[in-house]
Every structure is written in C-alpha cells, then in structure tokens.
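Beneath this line is the structure, given in structure tokens, with notes to follow.
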Amino acid sequence: MANHTCYHYMPMGFFYNNSNQTNDGWHPSQLIPVQCVGSIFCCFILVSNAMVIAAVITNRRFHYPFYYLLANLAASDFLAGIAYVYLMFNTGEVSRTLTVQQYFIRQGLLDTSLSASLTNLLVIALERYISVMNWKVHSNLTKRRVTLLIVLVWAISIFMATVPSMGWNCICSLELCSTLAPIFSRSYLIFWSVSNLVIFLIMVSIYLRIYIYVRRKTSVLKAHTSGSINRKRTPIKLIKTVMTVLGAFVICWTPGLVVLLLDGLKCEKCNVLKVKRWFLLLAVLNSVMNPIIYSYKDEEMWTTFKNLMRCVCNGTRRQRSSRANTRTTNSSQETNNSLRLSDEKKTSTQDMWSQQEPRVMVFTMQTKSFCLQPKKTNEPTHVS
C-alpha cells in the first residue's frame, strides 16, 4: 500500500536522498570556477538582450509585429539570465538546504523562460507564415493583436511553470518522484518533454513549408523577370534569421528534453545525472547565441547596437568631462561676471553722458540766443 503522507515542510535534502542523489555532480573545487564563468555569461545575456529590447523601442524601422515578437523573445532570454544566476548560487550543497517553495521558485524561473521562448517562437513562426503566404515582408497584425499575443505567451508560460507547485508533484507520493527534479512527478516530466518536442516538430514543419513556398516563388519570379531579385524586399532575409534562431534553440534544448523524457520513463540504465549539468550549460549557451544571431543576420540591428553603445560611451564621457571641468567652469564664470560688471559700468557711464549731452547743448543754445537778442531800452516814444 502506497504511503500518502505529505512532506511540505521537509528540506530538499530529504527529497534528494529519496531520489538516490548523493551529490549533484559538482565538486566544490569545480563549482567556484563554474560560478565565475557562468556569471560572465549571464551578464552578457542580460546586457545583450536588454540592448535588443532597447533597439526595437528606439528604432522606428523595427516598429513591426515581427520585431515586437523578437523583442519579446529577448525578454524571455533576459528572464533566463536571471534564472541562471539564481540557479548557480542555489546549487551544490546549498540546494539541499532549500525549502520546497524555494525549489519551486528556482525551477519555475527556468520553466517560465523556456516556455516563453518556445511559445514565442511558435507565434513568430505563425506570423512569418501569414506574411510569406501574402508575399509581404511584414504581416498586417495590429499593435493591439500583437500585444494580446505577447500577453498570451506569458500567461501560458507562467501557468506551465506553476503547475507543479499547484499540485502536480510527488510531495505526497515519494514513489512517483523523478531523479533530476526530486519533487516533480515523473508523469509531469513526460508531459513537459513530450509537449515541447511536439511544438518543435510543429515549428520545423511550418518553416519547411515556408522554405518550400519561398523557393518555388522565387524560381517563378526569376523566370518572369529579368535581373536579380532584390532580397531586401522579400521576406527571405527575416526567415533566415528566424530559422537560425530556431535551429540553435532546437540543438541546445532537444538533448535536455530527451533526458527529461528518459527520466520520466524511469530509465535506470541511462544514468541521467551524469549528463544533466552539461545539457544545462548547453541551454545557457542558447541564450548567449540569440543576440549574436540577431546582430549577425540583421545589419540594421547591428547598426542600432553600435549607435546605442556610442550613446552610452558619449554619456559617460560627458559626465567625466563635466566633473573634471567643474572648477575651470566656475573660475571662467567668475571672470566673465567681473568682465560683465566692468562693461556694465562703462556702458552706464556712457549712457549717463549721452543722456546729459542734449541738455548741455540746449542750455548753450539758449544762452547764445539770449546773448544775441538786442537790449530793450526804457526811452519814451514821441507821438507826433
């Protein structure tokens, strides 16, 4: 008879021992270099994806549905960087001291970022399919619909990540616990990995359909037009960018999902604990690669990156120069003020004399006229 006693208030060390995990595979001498190198990668993930979001916001040429969704994909990678930082400093021996809720938060951040990236890539695939079938560079989706799609992506991602904490776990049924995630049920890992792999297949089939259609369309256009087709006016350039991002995502995440599936199926001969950390590093590498792919495949994005870096550098230089020249500016202001005072005194005296000059002229003219007038005599007049 199965034991259905719940262990909500037990530390994670209890569940690790139940899953036969004597250690997490990281030796203390290995964990510190991994944390140092991982911190550098996570800083790059945070800064580069923040620049992608800033580029889409500041550049008006990116104000289209495709780039809004691309910025949302960068936001999911930004969240992945935060999740990796939290994971690095809560692993090893520290992971055994975590509470159940802290472990749910640690795994929930990772699952949310993965679900957001995967769902967002699926939405981008549908957006590209709509635009390509109409042979347009950008689709006719309104900003309101794009906003609703972005909200829907995050709602689905948060829901999928919180399902284990809402009850789909093995806290009350220890015999159902998995090995990689000691408080997750094996049935949940099967559902999680199979659903993500199915979405992978759907996206790959969509892009294969797009690729076949575009290739057929370009061959028809070449047969009826003279000269080469301008690639910038066709959706091919954006499709190559998305297909590269999707390919990197599939390569980096498929091994980890396969391992989760084998763990859910309770494959005891697979020895999943030895490979989990390397597949996790491969997943971290995916968040590093995406901003590089954006800038490499899109010249406008790379130009916007350089402009943003110039603005930041110019801003810091201006702050330094303003701090360094504060004293010289104050002294120059004082000298300018003294010169202004002396000039004002000169102009005031000149104005005073200029105001008195007409009065003096009038006075002299009056005296001259008075002197030129004949003198009046008091002699009597004779009447004849």
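The values are calculated or read from the model by the stated rules, or taken from the named source; none is laboratory data. As the structure is a prediction and not an experimental result, all values here were calculated from the model. Ideal geometry is used to build each Cβ from the backbone, glycine not excepted, and the neighbour counts take in all protein chains shown. Note: areas computed on protein heavy atoms with side chains; ligands, DNA, RNA excluded. Shrake-Rupley method; radii C 1.70, N 1.55, O 1.52, S 1.80 Å.
In nm, to one decimal, how far is the modelled label at Y9 from the one at Y211, with both set 7 Å along Cα→Cβ?
Modelled inter-label distance: 5.7 nm.
Under the 0.36 nm per residue contour assumption, what length would be gained going from the current alpha-carbon distance of E268 and L152 to full extension? Before the final figure, lay out each step's value.
Working: separation 116, 0.36 × 116 = 41.76 nm, distance 3.80 nm.
Length difference between fully extended and current span is 38.0 nm.
What ranking do 273-280, 251-258 get when scored by the average of other Cβ atoms within 10 Å per residue, highest first? Mind showing how you got there, number by number?
Numbers: 273-280: 15.6, 251-258: 17.5.
Highest to lowest by the protection proxy: 251-258, 273-280.
I'd like the per residue volume of the convex hull spanned by the Cα atoms of region 1-110, given in cubic angstrom. Working shown, then result.
Numbers: hull volume 14.2 nm³, N = 110.
With only Cα atoms used, region 1-110 gives 129 Å³ per residue.
Just the number, please: Stokes-Einstein D of region 80-165 in µm²/s, Kirkwood Rh from C-alpha pairs, 37 °C, 0.692 mPa s. Can you show the working numbers first?
Values: Rh = 14.9 Å.
Result for D is 221 µm²/s.
Set the bar at 22 Å for Cα to Cα. Now go through K276/K297; K143/K217; K143/K297; K136/K240; K143/K240 and name every pair that lies beyond it.
Beyond 22 Å: K276/K297; K143/K217; K143/K297; K143/K240.
How much length is gained on full extension from R310 to K237, taking 0.36 nm per residue of separation minus their Cα-Cα distance?
Details: separation 73, 0.36 × 73 = 26.28 nm, distance 2.67 nm.
Stretched out fully, the R310 to K237 stretch lengthens by 23.6 nm.
Rolling a 1.4 angstrom probe over the protein chains, ignoring ligands and nucleic acids, what is the accessible area of C172 in square angstrom, nearest 10?
Accessible area, nearest 10 Å²: 40 Å².
May I ask you to compute the full-extension gain from N134 to I40, defined as 0.36 nm times their residue separation minus their alpha-carbon distance, rounded to one decimal in nm? All intermediate terms of the calculation are to be shown ahead of the outcome.
On the way: separation 94, 0.36 × 94 = 33.84 nm, distance 4.32 nm.
Working it through step by step, the gained length comes to 29.5 nm.
Give me the distance in nm between label points sitting 7 Å out from Cα along the Cα-to-Cβ direction at T97 and L282, one decimal.
Placing both labels 7 Å beyond Cα along the Cβ direction yields 3.3 nm.
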